[in-house]
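Reading through the structure tokens given below for one structure.
The values are calculated or read from the model by the stated rules, or taken from the named source; none is laboratory data. Keep in mind that what you see is a predicted model, and the values were worked out from it rather than measured. Glycine gets a Cβ as well: all are built from the backbone with ideal geometry, and neighbour counts include every protein chain shown.
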């Protein structure tokens, strides 16, 4: 299997660090990618102020964008949003100054991702959808292994604006030489499945608010 285009696959610092099942799966994943004709695996640096620009404060900037289409429903009945209603309300109540500051930070991060990160690669291996999902950059996720207990291990590739075709090319080439995407986790033992199904009825819920309670508190 040969890639449709010669592709530099960027690896962020710390992606394969450690000896856990996930780290070992990532190491094997990169080795498979490197063996594909047309692929070149390269180490890439994090853009300047990466931790600051991708932290929780920045992540909250996208909450208004998520909440805005649902404002009529937030005004009419909060119970439809379940126990996550506080996050939706936070988006609706974020101040204009915070929103504008966040949008400027978002633009700065986009510039640094394009100029500093993609100066070294065509696609980049990620451990989280953030911040590509916030920036509107394309991503693709697929399995690369299992833990010792049978839990699937996945990875994410991020690309340039309108670069979905290159992401699909890399994913297709990887899946042509592996079969992780064809495997499925083993079904849990019957006793474990029964215990799990019984948990919601017996687990302590004193510290959790129901959707009705959250709606009442928000009045």
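Find the residue count for the stretch 25-44, including only residues that are in contact (Cβ under 8 Å) with a residue 60 or more places away in the chain and under 18 Å from residue 153 (Cβ atoms).
Count: 7.
Any residue at all in the stretch 43-54 that is touching a strand residue (DSSP E or B) at 6+ places or on another chain (Cβ under 8 Å) and more than 26 Å from residue 104 (Cα to Cα)?
Yes, the stretch 43-54 contains a residue that is touching a strand residue (DSSP E or B) at 6+ places or on another chain (Cβ under 8 Å) and more than 26 Å from residue 104 (Cα to Cα).
Being more than 27 Å from residue 170 (Cβ to Cβ) and in contact with a helix residue (DSSP H, G or I) (Cβ under 6 Å, 6 or more places away or on another chain) narrows it down to one residue among 95, 87, 55, 91; which is it?
91
Please enumerate the residues belonging to the stretch 81-95 that are without any contact (Cβ under 8 Å) to a residue 12 or more places away in the chain and in a helix (DSSP H, G or I).
Correct list: 84, 93.
I'd like to check which helices (runs of 4 or more DSSP H) are fully inside the stretch 1-75 and have at least 2 residues that are within 21 Å of the chain's Cα centre (by Cα), modelled with pLDDT of 95 or more and surrounded by fewer than 19 Cβ atoms within 10 Å (Cβ to Cβ).
Once the helices (runs of 4 or more DSSP H) in the stretch 1-75 are filtered for at least 2 residues that are within 21 Å of the chain's Cα centre (by Cα), modelled with pLDDT of 95 or more and surrounded by fewer than 19 Cβ atoms within 10 Å (Cβ to Cβ), what remains is 21-34.
Looking only at the stretch 76-102, count every residue that is closer than 30 Å to residue 49 by Cα and either more than 20 Å from the chain's Cα centre (by Cα) or buried (at least 16 other Cβ atoms within 10 Å of the Cβ) (or both) and tell me the total.
16
Being under 10 Å from the mean Cα position of the chain (by Cα) and under 23 Å from residue 34 (Cβ atoms) is the filter here; which residues of the stretch 129-146 pass it?
132, 139, 140, 141
Output the residues belonging to the stretch 1-24 that are touching a residue at least 40 places away in the same chain (Cβ under 8 Å) and touching a helix residue (DSSP H, G or I) at 6+ places or on another chain (Cβ under 8 Å).
Those that are touching a residue at least 40 places away in the same chain (Cβ under 8 Å) and touching a helix residue (DSSP H, G or I) at 6+ places or on another chain (Cβ under 8 Å): 1, 2, 3, 4, 5, 7, 9, 10, 11, 15.
Can you find even one residue in the stretch 148-167 that is out of contact with any strand residue (DSSP E or B) (no Cβ under 9 Å at 6 or more places or on another chain), at pLDDT below 90 and surrounded by 15 or more Cβ atoms within 10 Å (Cβ to Cβ)?
Taking every residue of the stretch 148-167 in turn, none turns out to be out of contact with any strand residue (DSSP E or B) (no Cβ under 9 Å at 6 or more places or on another chain), at pLDDT below 90 and surrounded by 15 or more Cβ atoms within 10 Å (Cβ to Cβ).
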